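Undergrad: Here it is, the structure, as structure tokens.
Please treat every number below as a calculation from the coordinates, not as lab data. It should be emphasised that the depicted structure is a prediction, and the values quoted were computed from it without experimental measurement.
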């Protein structure tokens with residue numbers, strides 16, 4: 001899943017980005033409100049993490065503008081200000097949750113997972129396609145009960161395919177959600193990682209799950 005982090009304190013941004021990346025999320029980072037707003041307008045994000053005290057436009061203004069544009073991505077606001085009035089204003093501006101700095105990273109990740117689940121009402125953290133299972137909390141991937149070890153990028157690609165099981169996903173869709181904003185979608189990297197996945201997911205099984213759809217993209221289905 002692809003997340004936008006808008007945080008002007010570069011040490012905090014680097015720490016949060018690294019922690020999210022370790023959890024297999026794809027992260028774009030902006031260090032001011034104007035850049036954050038621009039990235040949110042041109043890219044599809046599953047979650048936006050938005051600091052309030054930002055140069056240019058503050059977090060409140062960015063959040064309000066996104067909601068006026070009918071951008072319904074979940075927004076988690078981060079701030080060092082713990083005044084109740086700020087929290088109320090942030091939520092009234094369109095934020096979905098509010099976390100005060102400093103915070104325990106475990107709690108932060110739990111809030112991220114909750115907001116991502118809200119995008120998929122009625123869904124669980126366990127994705128299944130045939131005998132292939134992926135747990136979005138533990139990141140455990142198994143096929144026919146056997147554990148499959150994946151790199152962070154392989155996991156992100158498989159998760160995206162499984163979230164769209166039975167649907168054709170194009171190279172553009174994959175590049176937007178699995179790689180960051182600097183990725184060159186015209187390279188052959190996507191093909192390479194699909195090949196890696198096939199070796200780990202389908203090799204040795206008579207029923208193949210990952211399919212190429214000529215001229216369109218890829219699909220995972222039983």
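Undergrad: Evaluate the relative contact order of the chain (contact order divided by residue number), counting alpha-carbon pairs under 8 angstrom at least 6 apart; express in whole percent.
TA: 17
Undergrad: Could you tell me how many degrees, from 0 to 90 and to the nearest 10, lie between the Cα long axis of helix 152-163 and the main elongation axis, the longest principal axis, of the Cα atoms of the chain?
TA: 80
Undergrad: Is the C-alpha gyration tensor of segment 2-118 telling us rounded, prolate or oblate? Criteria: a/c under 1.5 is rounded; beyond that, a/b larger than b/c is prolate, otherwise oblate.
TA: It comes out rounded by the Cα gyration axes.
Undergrad: Still on this structure, please answer the following. Mean separation of Cα pairs under 8 Å and 6+ residues apart, divided by the residue count of segment 20-151: what relative contact order is that in percent?
TA: 16
Undergrad: A further question on this structure: Output the relative contact order of segment 126-220, whole-number percent, from Cα pairs under 8 angstrom with separation of 6+ residues.
TA: Over segment 126-220, the number comes to 28 percent.
Undergrad: A further question on this structure: Could you calculate the contour length gain from residue 191 to residue 110, that is, 0.36 nm times the residue separation minus the distance between their Cα atoms, to one decimal place in nm?
TA: Working it through step by step, the gained length comes to 25.9 nm.
Undergrad: Let me ask something additional. For every helix of n ≥ 4 consecutive DSSP H residues, a contribution of -39,500 (n - 2.57) applies; sum these over the chain, divide by its total residues, and give [θ] at 222 nm rounded to the nearest 500 deg cm²/dmol.
TA: Calculated from helices alone, the mean residue ellipticity at 222 nm is -12000 deg cm²/dmol.
Undergrad: Any chance you could run the full-extension gain for residue 43 through residue 170? It's 0.36 nm times the residue separation minus the Cα-Cα distance, nm to one decimal.
TA: 44.2 nm
Undergrad: Quick check: residue separation of residue 9 and residue 214 times 0.36 nm, minus the Cα distance between them. What number comes out in nm?
TA: Contour length minus the Cα-Cα distance gives 69.3 nm.
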